[in-house]
Every structure is written in C-alpha cells, then in structure tokens.
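What follows draws every value from the coordinates through simple rules; no lab data is involved. Source: prediction; values computed, not measured. Note that we place each Cβ from the backbone using ideal geometry, even for glycine, and neighbour counts take in every protein chain shown.
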C-alpha cells in the first residue's frame, strides 16, 4: 500500500509545466532578439560554442530533479504490515467547573489551573481508555466528546477558561445529565464520571441526576477544590494585573467556600469516592489507580498499518542529477559537433 505522508507538497508539481512554458517563452524571446541583432548565418561566428540541444538537455535535467525533490518532500511510504488491534478500556467523562469561584487561589496557582494540570497529567497516563470533558457553570457544554485521541484532548483542554461557559452559576446536575446522555450503553464498557468543582451547587436536581447514574450503572467520583473557611475571588484586568476581589451588589467581598457535603453525597450514592483537593497531591492520579482496578471491556477494534518511508528513493537520484547538471556545460562538445555535421546542421 502506497501513500504520501505530506501529500500537500505534490501541488508543487504544477511548477513543472509552468517552468516549461517560461523556458519556451524565454528561449523564443532570446531568438527574436538575436535575429534583430544579426542574421542566422552569423550566429555560429558570434556564438561558436552555443548549443541549443545541450541547453535543452540541462533544462530537462533540472526539471526532472525538481520533480524528484517534490516527491521526496511528499514522503512516499509503503505499508509493510496490517494488523487489527483490539481497543480495550473504560470510558471516563470529567466534569470541570469553570465558574468564577474556581478562580480562587487557595489552590495554587488557582483552582481551575490546578484542575487543568491534573487532567492533563491523567490524559498522559491513559492507555486505551476513552476520555471526554464537560465544562459547566450555570450551564453545561461538551468541550470534547469521548475520545482516545489524547493529543486532541490536551489541545481542547488548554482552551478551557472562565469564558468557556457564558452563564455563571454552578449546576452540577446539568453536567452529570449531559455526560450520562453522551455515553453509549450498547457496548458494555464500564463508565465513570469525575466531577472537579468547589461544590457550591446553586441550582439543579442532584438527587435525580444520581438516580439516573445508578440506573445506568455509572459510578461518580468527585474532587473538591477549595477551602471550607472561604476565600475571596481575585479580579484581574486584561493585562493580568490584580485589581481587587469580586464583590456582591452591596459592595461586600464575596467569599467562596468548598461545600464537601454535596460532593460526598454524590460519590457515596453513586458508587464512587470523594477526594479533597490540595496543593501537593494529585487526586486524579489516585482516582486513576482506582479506575485501573475496574474490569476493562473491549469497545472496538482498529486496523493499523505500519508504514516505512521511501523518500530517499527519490532524494538521492535528485541530488545525483543535480551534480550531473552542475558539471555538464551548455557549450558544444566535440562529439556533439561531429553529430551535427553528420546531420547537416548549420553552425
């Protein structure tokens, strides 16, 4: 099986006909100028070493080497091995709170940034498992669906900030319900939800969401980020300079407190476990160790073809042709002069 790893470079082959037209036009224009300057009989006297045939030959060599270099840049590859690989693992949806209260800095550098860091580390450890991300505040949105493309998952994770959800608030139940709707339940794969929040649930029906998770055999783990005593929420301007703290309508500084009771209730009722977030521990790693004990299921298969590069089959000849072109002159050679005499070519 042949393919090109960088097929976009093949468009450069359109340079070949363009260069042919340019060469023809330039040569024709030069001949017209020479004809105006002197007659054709004088050409052999004024330019005794000029050879049209060798000039065309050198141009052809240059075109051929350019074509080979373009193909080498496209990197042709040969498929050497095809095998079907079973995809085995579990499915995990992480629900990440992006409300303004997650900007508190009792967890360094902030609750949200620490959570993103832990999620990124978890993604790097996953092998075969599918992971998805739901961001929520007053509403819930899928940042990326269940995937085993961990590079793409990290890319979308990096884009998460407080503007990912326009409506402020904290609706944990909406995030749980969205994750439950996003799972596929016909493949028999074990499914888990991990909630990362400060636990300040302001709306929604948590009990109904928990019952729905239990009915679908989805366990829910949770990580609580923050201080139960309460801390202010810093406010920064566009330049990243802190301008104070968030205040309510009466001008009082708002304190955000970790509500562990809500998260503990969710995890206990949904066959999961609650973890308290901290500056030093990696709570998601502990959860991953728990998930590793879950019996993994086959959720599909993937046909993988191994390819080997073959660009050097074109690059080395191109270099050789360029070297030949460099040493071949455009002047007439003795054997060419004899050949032209035999053909009756006028000099």
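Structural remarks
- Zone residues, region 54-69, relative to residue 315, backbone N less than 14 Å from point 7 Å out along Cα-to-Cβ: 68-69
- log₁₀ of I(q)/I(0) at q = 0.16, 0.21, 0.26 Å⁻¹ - region 127-193, Debye sum with one point per alpha carbon: -0.58, -0.92, -1.19
- Packing, as the average of other Cβ atoms within 10 Å across residues, places the peptides 273-282, 172-181, 190-199, 235-244 in the order 190-199, 172-181, 273-282, 235-244, highest first.
- Length added when fully stretched, residue 64-residue 211, from 0.36 nm per residue minus Cα-Cα: 45.9 nm
- Hydrodynamic analysis of region 85-302 uses the Kirkwood radius over alpha carbon pairs. Inserted into Stokes-Einstein at 4 °C and 1.567 mPa s, it gives a translational diffusion coefficient of 74 µm²/s.
- Our summary gives region 85-302 a relative contact order of 26 percent, counting only alpha carbon pairs under 8 angstrom and 6 or more residues apart.
- Alpha carbon convex hull of region 102-162, projected area averaged over orientations, nm²: 4.2 nm²
- Residue 117 versus residue 249: modelled label distance in nm, points set 7 Å from Cα along the beta carbon direction: 3.8 nm
- Listed peptides 126-133, 146-153 appear in the order 126-133, 146-153 once ranked by packing, highest mean of other Cβ atoms within 10 Å at the front.
- Linear extension gain, residue 22 paired with residue 326, 0.36 nm per residue minus alpha-carbon span: 107.3 nm
- The rule of thumb for compact globular proteins, 2.2 N^0.38 Å, goes into the C-alpha radius of gyration of region 194-289 1.31 times.
- Packing, taken as the mean count of other beta carbons within 10 Å per residue, orders the peptides 221-228, 251-258 from highest to lowest as 221-228, 251-258.
- With R₀ fixed at 35 Å, the C-beta to C-beta distance from residue 237 to residue 8 puts the FRET efficiency at about 0.25.
- One chain, two ends: residue 186 and residue 141. Fully extended at 0.36 nm per residue, the span grows by 13.9 nm beyond their Cα-Cα distance.
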